[in-house]
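Report on the following structure.
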Amino acid sequence: MKLKINILLLVLLMISCTAVFAQVSLHNLRCELLQNPQGIDMPNPALSWELSSGAGGARGDYRERNIQQTAYQVLVASAPDLLTEGKADVWNSGKLSSSASIHIIYKGSALKSKNKYYWTVKVWTNKGDSVWSKPASWSMGLLHYKDWEGRWIGFDRFFANDKESEGRLSARYFRKEFTATRPVASATAYIMGMGLYELYIDGKKIGEQVLAPAPTDYTKNIKYNTLDVTTQLKQGKHAIGVILGNGRFFAMRQAKPYKVKTFGFPKLLMQLVIRYTDGSTTVIKTDDSWKGTADGPIMANNEYDGELYDARKEFKGWSEPGYEESKWLKAAYVQEPGGTYEAQLNEPVKVVKTIAPLTIVKRPGGKYILDFGQNFAGWVRFNVKGPRGTVVSLRFAESLQASGELFRTNLRDARATDTYILKGEGMETWAPRFTYQGFRYAELSGHPGTPKKSDFTGCLVFDDMQTTGSFESSNALLNQIFKNAWWGIASNYKGMPVDCPQRNERQPWLGDRTISAYGESFLFDNTALYKKWLGDIRYAQKEDGAIPDVAPAFWRYYSDNVSWPGTLLFVADMLYRQTGDLAVLQKNYPAAKKWLSYMQTRYMNEEGIISKDSYGDWCAPPLTAEAGKGVNADQKHPSALIATAYYYQLIKMMTTYSGLTGNEQDSTLYADLAIKLRKDFNRKFYNDQGYYGGNTLTDNLLPVYFGLVEEVNKTKVAREIARIIEEKNNGHLSTGVIGTNFLMRTLTSIGRADLAYRIATQKTYPSWGYMIENGATAIWELWNGDTAAPKMNSQNHVMMLGDLLIWYYENLAGIKAAAPGFKEIVMRPEMMKGLDSVNATYRSVYGMISSSWSRSSTSFKWEISIPANTTARISIPTKSAEHVTESGRSARKAKELKFIQMEGNRAVFELGSGDYSFTTEL
Ligand code: RAM
C-alpha cells in the first residue's frame, strides 16, 4: 500500500514538472532593442528577452501566473550551429543568478567589425526553466574609421538642370560595375548617401527604406545604413547604382544663411563587402573609377518643394552590367562632410501604410481634386497612360477653400508639388523618392485621360516602428482623438521628430516633444528614434554648453531658454522610466549638467530666478476663436515663472540621476540648489491669495506638478486651478504647449480627474474635440487653427497633445510604470461619470500589459494581463475587498493575489504575471 502511494506521487510530480517546464517560453529576443539588427557599431550592445507562460504576449497567453526569473545564461557564437554550451565561441555568460531580462550588457570577447553574431538565452524561474530560446542574431557595422576603405565621391558644383534659386538640385546618379569572381557566401553594403540615397544592384532597389539615411548635422555625425545583399549577389558580373537626393544636405532654402545650415552638394561613401565561400573577401568601394551624372530623370528634388521627374530621361539598365556609360562623368573625390560615422540604429523610414482616395472630383480647367480623407505625410503613387511628354502634376494641401480649390497659404513658400513627365510607353507608375508632403488633398493637373480613384495610392511614410499600444473606450470622441493623435504622430516621425510635415519648416523643435514623446511611447516604440534624437541634441550642444531649440540645428536657433533645450533631460527621463535603460541617463547626464550650469551662470539672478525665456506658454489659446481671427499665432510671451519652474524640475531630476549614474559627487549640490530654488520660487511667484504668477492656468499647474507648492498652500492652489477651469473657462483648458504638458496629470493628482475628463471630451473651443468638429483628422498646431492667420498654422502638429495620451494610458486604462521599464506596474484606472469602459494594451519591454474594464452603476469588471518577470499593484474600485472575485473565486482568498489594503473605496492587491479576470460590486 505504501509503495503504491509513492509511485503515484512520483507520477504526479513528473507530470506537473513537465507541464511547468513547457510553459516558460522565451521570445522577442532583442539586441539594442531591435530584433536582428544590422550594423550595430557599439562594442558592448545590450540584449533583452521576454519570458512568457504561453504563446507569448497578447491577452489570454499568460497562463502560468507569478513567473519570476531567477537566473539566466546567454550564449553568443559566430555561427548558429555553435550555439551550444560547449561550443559557443564568443560568449558564454555562465548561469547568473539574476532577475534581469532587459538591457543585459554584452561582456564576451571583443566584437569585430562586419561580423554576424548569433545568440540564445536560457532562463530559470520560480516556476521552472526554459529551454534554449530560438536563436536571434545581430551583425556588426564598421567600428572604426579605418574600416571605411572607399573615399567620398560626388560633384562639388551645379549642373544645367539644377535650380539653385529654388534650392532644388537634379539628382546625382552613380554607377560601378564589378565581378564576383567566386561563389558568394555573404555580401553586405555599408552606405552613406548624402543627403538621401537609393541603392540599386542589377536594377533592383535594395531594401524597403526610403528617405534614408536618418538626417543629422553631417558636420558632426553621419548615419550609415547596413544592408544585407547576399541574395542579390551570385558569382558573375554585377552593377551598383546609387541615386542621391538633396535631403537636408543641400539646404532647401539657400538664401537664408543666417538661419539655415547647409552642407554642400550630394556625396557618397559606400562599400560592398563580399565574402566568398572559400573564405576570401573583396570590397567594392567608392573611388574615382565610379561614373556619375546629374542629367537623369529626377530633374529637381527637395523636401519642401517636391520632385520633378522626366521619364523620357530614364536610363534603361543604368544599374545593370553592360550599360553604355560613355556619356557619364568620372566621379570626383570630394571633401568628407566632417562628422563621425555611426550606424543608424533607429528604424528606417518606410512606406508604412497606404490609403486609397475617398473621392476624385473634377474641377474647372481639366483639374481634379483627390481627397484621401485623412491628413498625413508621404506621397501619392500613381498609374498613368498617355502621350510622351505629357506633364502631370500633383499639388498638395491640407484643406480646401470654400470654393473647392486647394488652401495652400499655410504652406508658406513650400511649393509642395510633384511633377511627372510621361515617356509614353504604356502604363507608367511613379512615386517621388526624395520628398514628402503633409496633405489630405491633392490637385491633379495635366492628366491625359480620365483619372480613376484606383490609379492613386496615398503612401504614409514614417519610421517603421513597432506598435506599442491600442486604446478604445466607451467614449467615441476620446477614441477619435486617439486616432487623430496616431496620424499626427506618424506623420511627424522622419528619422527625427519634426514639428510639421507640410509648410517650409518641418524642423525638429525640442519644445514640441518635451512631454509628447512620452505619450507617443504608448503608441509607438519610439525608443531608438528618441535615443538617436538625444544624440542629435548632444551633437548640437555648443562648446560653452548652449543647447539649441531645434536639433539637428538645421535652423540655427540658440535662443537660450529653459523649456525647449530642457527636452534633452525630459526625454532621457522618459526613456529611462518607460524602457528601464539606465545607459540613456548615463549618456545624457554630462550634456545636461553642462547646459544647466551654462544657464545658471548666465541667466540666474541672485534671487534664484531665470528671467530668460523665449516662447512662454507657446500658442496658448486666444480667449475666443473669434478674438484670434486672422491673428498671427507666433507671438512670444516670455515667462520667468515658466523658465524658473522648469529649471527647478530639471535640477530635481539631476538630484536623482546624479546618484543613479555614478555622479554622486553632484547629488548634494543639486539637492541643495533645489531646496533654495523652491524657496526663491515661492517668494517670487506665490501670491497669498492662493495662486502663482499672473494666475493663468499654466502658472498654477507647473508649481503643482513640479512639487513647488508649500504644503500649507496646496489646497488653495488646487482650488484655484479648478476654479479657473470651471468658472473662468467653463470647463475648458486655457493652456499652450507648456501648460498642456502637465494639465491632465495635475488635475488627476489633485483629485479632479473628472475635470480632466470634462476638458478631454469638450467639443467647443478650445479643445481637441473642437479641432475634430472643425474637420481635423490629425492634431492642429493651434487651438484656433480654424481662425488664426495662415502664417503659422499647421493642421498636423503634435505639440498640443501635451500629456493627454499619458493620461489615457496611465489614468484611464490604468497602466503605469512604478519602476523603470514596467518591472513594477501600478494599475489604477480612474472612474468617472460618463466613461463606462476602457480597453487598452501596451507592449512594454517585458511584454504585453493589458487592461480592459467596464462598469455599470452596480458592478465593475476588469481583465488584466501582466507580463512575466514583473509585478503589479492593482487598485480595484469596490464596495469592499470581500466583494472582489477573480475568475469566479474570492480574490482575497486566492493564493496568487496578495491583498494589501483598502484605500478609500478601492481594494489594493499585489500580484505577479498572468491573465486575471476581476468582478466586483460597486
Ligand atoms: C513654430 C512651431 C514649432 C514651435 C516653434 C517655437 O515654429 O509652432 O512647433 O516649436 O514655433
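Each residue in region 775-796 was checked for being closer than 24 Å to Q480 by Cβ, in contact (Cβ under 8 Å) with a residue 40 or more places away in the chain and either within 12 Å of the ligand (Cβ to nearest atom) or crowded, with 24+ Cβ neighbours inside 10 Å (or both), and 12 of them qualify. Checked against (1) assigned to a strand (DSSP E or B); (2) free of Cβ contacts under 8 Å to residues at least 40 places away in the same chain, F860 meets all criteria but (2).
Among the residues of region 636-691, those that are assigned to a helix (DSSP H, G or I) and within 16 Å of the ligand (Cβ to nearest atom) comprise I642, A643, Y646.
Is there a residue being basic (K, R) and within 12 Å of T920 (Cα to Cα) anywhere in region 864-873? Before you say what the answer is, go through the steps one by one.
We begin by selecting, within region 864-873, every residue basic (K, R); these are 873.
Filter again for within 12 Å of T920 (Cα to Cα), leaving none.
No - not one qualifying residue is present in region 864-873.
Of all residues in region 575-610, those that are under 12 Å from I651 (Cβ atoms) and not in a helix (DSSP H, G or I) total 3. Residue selection: E443 fails the criterion of being away from the ligand (no atom under 16 Å from the Cβ), under 27 Å from M832 (Cα atoms) and part of a strand (DSSP E or B).
Within region 741-749, identify whether any single residue is within 16 Å of the ligand (Cβ to nearest atom) and buried (at least 21 other Cβ atoms within 10 Å of the Cβ), and answer yes or no. Spell out how you get there, then give the answer.
To start, the set of residues in region 741-749 that are within 16 Å of the ligand (Cβ to nearest atom) comprises 741.
Applying the additional criterion that residues be buried (at least 21 other Cβ atoms within 10 Å of the Cβ) yields 741.
Yes, region 741-749 contains a residue that is within 16 Å of the ligand (Cβ to nearest atom) and buried (at least 21 other Cβ atoms within 10 Å of the Cβ).
Of everything listed in (1) at positive phi; (2) of a type outside the set (S, T, N, Q); (3) touching a Phe, Trp or Tyr at 6+ places or on another chain (Cβ under 7 Å), the single unmet condition for G404 is (3).
Of the residues making up region 720-751, those that are without any contact (Cβ under 8 Å) to a residue 40 or more places away in the chain and under 26 Å from S563 (Cα atoms) are E720, I721, A722, I724, I725, N729, H732, L747. Just one of the listed residues (V838, V826) is in a strand (DSSP E or B) and either surrounded by fewer than 24 Cβ atoms within 10 Å (Cβ to Cβ) or not aliphatic (A, V, I, L, M) (or both), and it is V826.
Does any residue of region 847-856 turn out to be outside any helix (DSSP H, G or I), in contact with a His (Cβ under 8 Å, 6 or more places away or on another chain) and modelled with pLDDT of 95 or more?
Step one: filter region 847-856 for residues outside any helix (DSSP H, G or I), giving 847-856.
With the extra rule that they be in contact with a His (Cβ under 8 Å, 6 or more places away or on another chain), the set shrinks to none.
Checking region 847-856: not a single residue is outside any helix (DSSP H, G or I), in contact with a His (Cβ under 8 Å, 6 or more places away or on another chain) and modelled with pLDDT of 95 or more.
Scanning region 478-512 for residues that are part of a helix (DSSP H, G or I) and either near the ligand (Cβ under 9 Å from one of its atoms) or of a type in the set (V, I, T) (or both), we see that the one that is farthest from the chain's Cα centre (by Cα) is I481.
Tallying residues that are more than 14 Å from R506 (Cα to Cα), among the aromatic types (F, W, Y) and crowded, with 23+ Cβ neighbours inside 10 Å within region 406-440 yields 2. Within region 513-556, the set of residues being within 16 Å of the ligand (Cβ to nearest atom), in a loop (DSSP other than H, G, I, E, B) and under 22 Å from K220 (Cβ atoms) comprises I547, P548, D549, A551, P552, A553, F554, R556.
Report yes if some residue within region 882-902 is buried (at least 17 other Cβ atoms within 10 Å of the Cβ) and closer than 26 Å to I750 by Cβ; otherwise report no. The answer is no; no qualifying residue exists.
Okay, residues lined up against (1) under 21 Å from N410 (Cα atoms); (2) within 16 Å of the ligand (Cβ to nearest atom); (3) under 29 Å from the mean Cα position of the chain (by Cα):
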| site | (1), (2), (3) |
| --- | --- |
| L596 | no, no, yes |
| R602 | no, no, no |
| D613 | no, yes, yes |
| C619 | yes, yes, yes |
| A627 | yes, no, no |
| D634 | yes, yes, yes |
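Each residue in region 150-187 was checked for being part of a strand (DSSP E or B) and touching a residue at least 60 places away in the same chain (Cβ under 8 Å), and 17 pass.
For the structure I just gave you, tell me whether I721 is within 16 Å of the ligand (Cβ to nearest atom) and within 24 Å of F570 (Cβ to Cβ).
Numbers: within 16 Å of the ligand (Cβ to nearest atom): no; within 24 Å of F570 (Cβ to Cβ): yes.
Taking the combined requirement at face value, the residue does not satisfy it.
Each residue in region 89-136 was checked for being farther than 22 Å from I40 by Cβ and among the small types (G, A, S), and 6 pass. When region 797-810 is filtered for residues that are within 11 Å of the ligand (Cβ to nearest atom) and not in a helix (DSSP H, G or I), the ones remaining, listed by number, are H797, V798.
Taken as a whole, the structure leaves D512 outside the set of residues that are under 25 Å from A212 (Cα atoms) and in contact with a Ser or Thr (Cβ under 6 Å, 6 or more places away or on another chain).
Before we move on, is Q689 loosely packed, with under 14 Cβ neighbours inside 10 Å, out of contact with any Leu (no Cβ under 9 Å at 6 or more places or on another chain) and closer than 25 Å to Y603 by Cα? Even if it seems obvious, please write down each step before you answer.
Numbers: loosely packed, with under 14 Cβ neighbours inside 10 Å: yes; out of contact with any Leu (no Cβ under 9 Å at 6 or more places or on another chain): yes; closer than 25 Å to Y603 by Cα: no.
So Q689 does not fit the description; no.
The values are calculated or read from the model by the stated rules, or taken from the named source; none is laboratory data. Note that the structure is predicted; figures quoted are calculated from it, not measured. So basically every Cβ, Gly included, is an ideal-geometry build from the backbone, and we count neighbours across all protein chains shown.
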